[in-house]
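Okay, so here's the structure we're looking at.
The values are calculated or read from the model by the stated rules, or taken from the named source; none is laboratory data. Because the structure is predicted, anything quoted here is derived from the model rather than measured. Cβ atoms come from the backbone with ideal geometry, glycine included; neighbour counts cover every protein chain shown.
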């Protein structure tokens, strides 16, 4: 175990959604390289409280990279410099003594800042509520092995279902598009045999809910590069194909008629 | 001391649940919308209960302190979910899952609840598959299983190392569907800070909006607490940072008894602590013990790196001590074995605070690809945190607090001692006894939410039809709000010198040292003398910066630490009073010659349920006697 010394943090502070924000600088004299990035912020906050100042607000919970609560643009990169790693799993051994580290909230119109580094990601919930499910009310499900799912299909579905809903894809996108998030949920459900009945109605509803809150995709690929779960941009192609099919067959209109 | 009645239906064990459902009172579909049900917590139990109750037609309000219901800590469960499907044809059955769970819990759980759990386990898998949970599959498309600690059959269904995530997302999606349809109203970033009881019945809850600090009331015909466990009383645990006991504790203070608080599970396979600023511990799934072998050097203080310790100088102690279960011995037993060897100087790693979990034999037997297929994401996680490659060198692991079997006392209907107030999932105490088996937490959360509560809540609501219940404008709500406002304003105005985290860390140290893996009368008495002093300091020297308006995470933490203090005192009292060793509760004074837990069935074959008296140091103990008519009350042996 060794230590990093003399780190300068430039942290975005913003008192509320409508307040004007600013960067504040703090120096961390010494921190263990075994500490996680968020533990470094804990240390900073303990110091701020000791000085009678307000702690830096940031979202976090499981600290094992699965709940998707943590965020942060670190030196302009969503979740920081380490590939396939959420901020909570980033450790200080990825930095060096003397570094200046810029810490900002997710930057996206669809994710308004609540306070300091905390943003509002509830637009993601609205997308799922629009159709990100298989309608299967409790009770009466057939025996699980009556629905065989080829291993390759289950694996591809699981690859997409690994999304943690953190929003790094939106934060990294120059258009603040949520296509990777939406398409990952669609791929998870649309690939499975259980998901076929609602495949096109689901796609149509989710894409249109997404468009209410987020920008448009122009195929930069930043989303996939920033994704801590390495979800492939291929899922967006699948989504576009199904969206087109949903419009051509216009199932929503027909089923209403 | 009064005896508690669990209201277990009569008849043979295997028929109780069907008999209950056949006679439970129902609410007509048109009348269901006249009832409002408050569900607190959006993990497996809360999300599945809220979604199912809304599907049935009840008006449901769901409260979560997270920004989204999908963040609940169920999401972090890795290994799997048990179900008595017997898809492997290896002799599994509902009876066997029942027996394994009763035995795993060291005969301190309630037979009828456990049997029901084993029965509905098979429905859970059907339900989750229908909802699109991408469980692991065989090449022919059928579901795959793995084995877990405490079982000799393969009955664990899994989705890579992210089973909890996939099950929670399944339940969350059912919930989201109901939110979209208007069946559930979602209150996110909203934390329960009190429950309200009017004329002996739960009338609703008082909540705090974490974005504005506003305190308000919600009235309902029934309230469900699905708010998880209290493992964070230890400060360092595998629980998420925000997991807390507040909802259960505030209900306890209003009359709901708290059962078996000393039953806290220490999980054997976590990454050891590496530095003093550490905020939490990370679990590595127990499923790793399917293929990993646990060992320490035979010689104490052996500083050689793992690969330089020859085979005959390694002690594969679980295989040596428990030949029939080997590396899959239950959690409490594996944890204590690790602690003893580390205490004797056999620990490995820079701080000598771990044991090895070695995959080299599995890699040479199965090939690296197969090992990667099974555990790839867990290996990556380990490398990210520990900075070492587990394909090349053994993992280092050590036990850490993981799950709490204790919780709000509930009867067969999952009703607490306050009518109208229910507890589900880890928040209740009923199914795991003194020790939970791996892959059973997900099973219990979903059993409670999908299959048990929807039946039992209808039975409780039917008699209320046509009666008026207190609304949120009732004076009892006003008074509870006022008390809560004063409490939170009080934290801010104390202006002491120590942060809530500082107190939490100190609290955790006392609890871990004296009420952790091994407990003694002397240690518990010491804890019970130190805790009130530290709590007194907390009430005087706490420092919370900022105000009680708007987002203030320091203030949120202060409220939670306050409740952890009170729970901690009760936990130590419970551990002190239970003069036996059972499951995860190991009192050093009560052990067999070879160091195994020594139960005292004559004096302690019961549930201890504590009543709040106003003084956290003086709770009142009640008991529910446990009777074993089907499982054979025997000394647990995994040898």
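Of A:215, A:165, A:132, all but one fail to be surrounded by fewer than 21 Cβ atoms within 10 Å (Cβ to Cβ) and either on the phi > 0 side of the Ramachandran plot or under 17 Å from the mean Cα position of the chain (by Cα) (or both); the exception is A:215.
In region A:170-183, of all residues being crowded, with 24+ Cβ neighbours inside 10 Å and without any contact (Cβ under 8 Å) to a residue 60 or more places away in the chain, the one that is farthest from the other protein chains (Cβ to nearest Cβ) corresponds to A:177. Test residue A:69 against the criterion of being more than 9 Å from chain B (Cβ to nearest Cβ), under 14 Å from the mean Cα position of the chain (by Cα) and at pLDDT 95 or above, and give yes or no. Answer is no for this residue.
One residue stands out among those in region B:115-134 that are in contact (Cβ under 8 Å) with a residue 24 or more places away in the chain and over 27 Å from residue B:102 (Cα atoms): the one that is farthest from the other protein chains (Cβ to nearest Cβ), which is B:133. Counting the residues of region B:528-559 that are in a helix (DSSP H, G or I) and either within 14 Å of chain A (Cβ to nearest Cβ) or out of contact with any strand residue (DSSP E or B) (no Cβ under 9 Å at 6 or more places or on another chain) (or both) gives 18.
Annotation: residue A:107 fulfils all but one of (1) outside any loop (DSSP other than H, G, I, E, B); (2) more than 7 Å from every other protein chain (Cβ to nearest Cβ); the unmet one is (1).
When you check residue A:80 against the structure, is it within 15 Å of the chain's Cα centre (by Cα), at positive phi and within 8 Å of another protein chain (Cβ to nearest Cβ), yes or no? No; evaluated as a whole, the condition is false for this residue. Put simply, of B:509, B:505 the only residue that is assigned to a helix (DSSP H, G or I), out of contact with any helix residue (DSSP H, G or I) (no Cβ under 8 Å at 6 or more places or on another chain), within 26 Å of residue B:332 (Cβ to Cβ) and within 13 Å of chain A (Cβ to nearest Cβ) is B:505. Taking the numbered list (1) touching a residue at least 12 places away in the same chain (Cβ under 8 Å); (2) surrounded by fewer than 24 Cβ atoms within 10 Å (Cβ to Cβ); (3) within 7 Å of chain A (Cβ to nearest Cβ) in turn, residue B:146 passes all entries but (3).
Quick check on my filter: what residues within region B:260-278 are within 14 Å of chain A (Cβ to nearest Cβ), touching a helix residue (DSSP H, G or I) at 6+ places or on another chain (Cβ under 9 Å) and part of a loop (DSSP other than H, G, I, E, B)? B:271, B:272, B:274, B:275, B:277, B:278, listed by residue number.
Restricted to region B:1-110, the set of helices (runs of 4 or more DSSP H) holding at least 3 residues that are within 13 Å of another protein chain (Cβ to nearest Cβ) and crowded, with 19+ Cβ neighbours inside 10 Å comprises B:44-56.
Filter region A:135-162 down to the residues that are crowded, with 21+ Cβ neighbours inside 10 Å and more than 7 Å from chain B (Cβ to nearest Cβ), then identify the one that is farthest from residue B:160 (Cα to Cα). Applying the filter and picking the extreme gives A:160. Counting only residues that are farther than 19 Å from residue B:176 by Cα and touching a helix residue (DSSP H, G or I) at 6+ places or on another chain (Cβ under 6 Å), region A:150-168 holds 2 of them. Could you say whether any residue in region A:43-51 is modelled with pLDDT of 95 or more and more than 10 Å from chain B (Cβ to nearest Cβ)? Yes; the residues of region A:43-51 include at least one that is modelled with pLDDT of 95 or more and more than 10 Å from chain B (Cβ to nearest Cβ).
Every residue, every condition in (1) under 24 Å from the mean Cα position of the chain (by Cα); (2) surrounded by fewer than 18 Cβ atoms within 10 Å (Cβ to Cβ); (3) without any contact (Cβ under 8 Å) to a residue 12 or more places away in the chain, yes or no:
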site	(1), (2), (3)
B:599	yes, no, no
B:606	yes, no, no
B:625	yes, yes, no
B:635	no, yes, no
B:638	yes, no, no
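Output yes when any residue across region B:446-457 is more than 30 Å from residue B:29 (Cα to Cα), at pLDDT 95 or above and either touching a strand residue (DSSP E or B) at 6+ places or on another chain (Cβ under 7 Å) or buried (at least 19 other Cβ atoms within 10 Å of the Cβ) (or both), and no when none is. Checked against the condition, which is being more than 30 Å from residue B:29 (Cα to Cα), at pLDDT 95 or above and either touching a strand residue (DSSP E or B) at 6+ places or on another chain (Cβ under 7 Å) or buried (at least 19 other Cβ atoms within 10 Å of the Cβ) (or both), region B:446-457 yields no hits at all.
In region B:231-249 there is at least one residue that is within 16 Å of residue B:76 (Cα to Cα), within 14 Å of chain A (Cβ to nearest Cβ) and not in a loop (DSSP other than H, G, I, E, B).
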